[in-house]
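Participant: Handing you this structure, nothing more for now.
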Amino acid sequence: MRDAGSFRIGDYNCWSLNDGELIYPGWTILPPGAQPPEHLSAPYIALLVDTGPVRVLIDTGAGALGPDTGKLLESLASTGFSPDDIHLIILSHGHPDHSGGMSQFPNASVVIMRREYEFWTAAETRAKLEAGRMYGLGPLEALIAAGVRDHLEPARDRMRLLEGPTEVAAGILVFPAPGHTPGHAAVLISSRRRQLLCVGDAIVHPAQFEHPDWVCAFDLAREETVSTRKLLLDRAAADRCLLAGYHLPGSVGVVERWQAGFRWERIAAAETA
Ligand SMILES: [Zn+2]
C-alpha cells in the first residue's frame with residue numbers, strides 16, 4: 001500500500017494521491033534558457049477532498065500511460081476509501097496523464113469545462129493530433145488522441161460540462177485557467193477561511209515559481225499560459241492560500257513573492273490545519 005499525504009483545509013480532510021511518475025525529455029518541460037537535463041521525472045499527484053457529504057477527486061492519474069503510472073488506487077487504499085466512495089471527479093483538462101484513471105471510478109460524475117471537452121473531441125483537433133501537428137511532437141501526439149478516445153468520450157454520459165466558474169460542491173470552486181489547454185481549469189477549495197488553490201498544469205515544474213515566464217512543450221497557448229500562471233500566483237501570494245499542482249513534488253506549499261517572481265515552500269501536512 002502506498003502512503004497518501006493527508007492534510008486539512010478547514011473542516012475538509014484532503015489527501016495527495018500519488019499515481020506514479022513519467023520520465024520526459026527535459027526539453028519538453030523546461031525551455032532552452034533553463035538548460036534542462038536530458039531527462040526529467042514528473043510526478044503525477046491527484047487530490048482527494050472529503051467535504052463530509054461529498055468526496056471529490058481532482059484528476060485521476062494516468063492509468064497505463066507509462067511503465068510507472070496507474071498507482072492511484074494503491075494510494076487511495078491508504079485513505080480507507082474505495083473507488084465507489086468517490087462521488088465527483090473534477091478534470092483540470094483533457095490530457096491523458098490526468099484522465100487515464102477515469103474508468104476506475106465508474107460511479108463518479110465528472111465535471112470539465114465545456115470549452116475543454118469540445119476542443120478535444122472536435123474532428124479538427126483529432127486530425128491534427130493524429131498527424132502530429134498540434135504540438136510539433138510527432139507520434140507522441142497519438143497518445144493524446146488515444147486518451148480522448150479511451151477516457152474522455154466514454155465518460156460523456158456522466159459528465160457535466162461547465163460554462164464558467166462553478167461551485168461544484170460546497171466550498172469547491174472550479175474556474176477557467178486557460179493556456180496550457182483552451183479549457184484548462186483550476187480549483188479553489190475553501191473551508192473556515194482556509195483555502196487551497198489547485199492549479200492543475202498551469203504550473204508544471206517548481207522552477208516556474210521563480211521563472212513564471214517559462215513555458216513547456218505541452219502549453220498550447222504560451223502567452224495565455226504565462227498570464228494565467230501569474231494571475232494564480234498573485235492570488236495565492238496575496239491570499240496566503242496553500243497551493244498544489246498535479247506535477248509538483250510533495251504535497252502542498254505556500255507561495256510568496258520573491259525577487260522578480262515567486263517562491264513556493266513545501267510544508268509538512270501537519271502544518272496545514
Ligand atoms: Zn499534466
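Participant: Can you work out which of the residues in the stretch 147-202 that are charged (D, E, K, R) and touching a residue at least 60 places away in the same chain (Cβ under 8 Å) is farthest from ALA238 (Cα to Cα)?
Facilitator: Result: ASP201.
Participant: Another question, if that's okay. Could you check the stretch 76-101 and list, in sequence order, the residues that are within 16 Å of the ligand (Cβ to nearest atom) and either within 12 Å of VAL56 (Cβ to Cβ) or in contact with a Leu (Cβ under 8 Å, 6 or more places away or on another chain) (or both)?
Facilitator: ILE89, ILE90, LEU91, GLY94, PRO96, ASP97, HIS98, SER99, GLY100, GLY101
Participant: Tell me the strands (runs of 3 or more DSSP E) entirely within the stretch 1-116 that contain at least 2 residues that are among the small types (Gly, Ala, Ser) and under 23 Å from CYS216 (Cβ atoms).
Facilitator: 12-25, 39-50
Participant: Name the residues in the stretch 136-155 that are in a loop (DSSP other than H, G, I, E, B) and in contact with a Ser or Thr (Cβ under 9 Å, 6 or more places away or on another chain), would you?
Facilitator: LEU137
Participant: Moving on to the next point. Being out of contact with any helix residue (DSSP H, G or I) (no Cβ under 9 Å at 6 or more places or on another chain), farther than 22 Å from LEU188 by Cβ and of a type in the set (A, V, I, L, M, F, W, C) is the filter here; which residues of the stretch 57-91 pass it?
Facilitator: Hits for the stretch 57-91 are ALA64, ALA77, PHE81.
Participant: If the requirement is being part of a strand (DSSP E or B) and either surrounded by 21 or more Cβ atoms within 10 Å (Cβ to Cβ) or within 14 Å of the ligand (Cβ to nearest atom) (or both), which of these qualifies: LEU248, LEU220, LEU233, LEU243?
Facilitator: Going through LEU248, LEU220, LEU233, LEU243 in turn, just one is part of a strand (DSSP E or B) and either surrounded by 21 or more Cβ atoms within 10 Å (Cβ to Cβ) or within 14 Å of the ligand (Cβ to nearest atom) (or both): LEU243.
Participant: Moving on. Here is a list: GLU21, GLU118. Which entry is surrounded by fewer than 18 Cβ atoms within 10 Å (Cβ to Cβ), at pLDDT 95 or above and out of contact with any helix residue (DSSP H, G or I) (no Cβ under 7 Å at 6 or more places or on another chain)?
Facilitator: That would be GLU118, the only listed residue that is surrounded by fewer than 18 Cβ atoms within 10 Å (Cβ to Cβ), at pLDDT 95 or above and out of contact with any helix residue (DSSP H, G or I) (no Cβ under 7 Å at 6 or more places or on another chain).
Participant: Right, next: Does TRP27 count as under 30 Å from TYR135 (Cα atoms), touching a residue at least 60 places away in the same chain (Cβ under 8 Å), more than 16 Å from the ligand (Cβ to nearest atom) and not basic (Lys, Arg)?
Facilitator: Answer is yes for this residue.
Participant: For the stretch 156-209, list the strands (runs of 3 or more DSSP E) that sit wholly inside it and hold at least 1 residues that are crowded, with 24+ Cβ neighbours inside 10 Å and more than 14 Å from the ligand (Cβ to nearest atom); which are they?
Facilitator: Filter on the stretch 156-209 gives 172-176, 185-191, 194-198.
Participant: OK, next. Within the stretch 51-70, can you find the residues that are at negative phi, under 18 Å from the mean Cα position of the chain (by Cα) and buried (at least 18 other Cβ atoms within 10 Å of the Cβ)?
Facilitator: ARG55, VAL56, LEU57, ILE58, THR60, ALA62, LEU65, GLY66, THR69
Participant: Also: What number goes with the only condition from (1) surrounded by fewer than 21 Cβ atoms within 10 Å (Cβ to Cβ); (2) farther than 20 Å from VAL49 by Cα; (3) modelled with pLDDT under 95; (4) not polar (S, T, N, Q) that TRP264 does not pass?
Facilitator: (1) is the only condition that TRP264 fails.
The values are calculated or read from the model by the stated rules, or taken from the named source; none is laboratory data. Keep in mind that what you see is a predicted model, and the values were worked out from it rather than measured. Backbone-built Cβ (ideal geometry, glycine too); neighbour counts: all protein chains shown.
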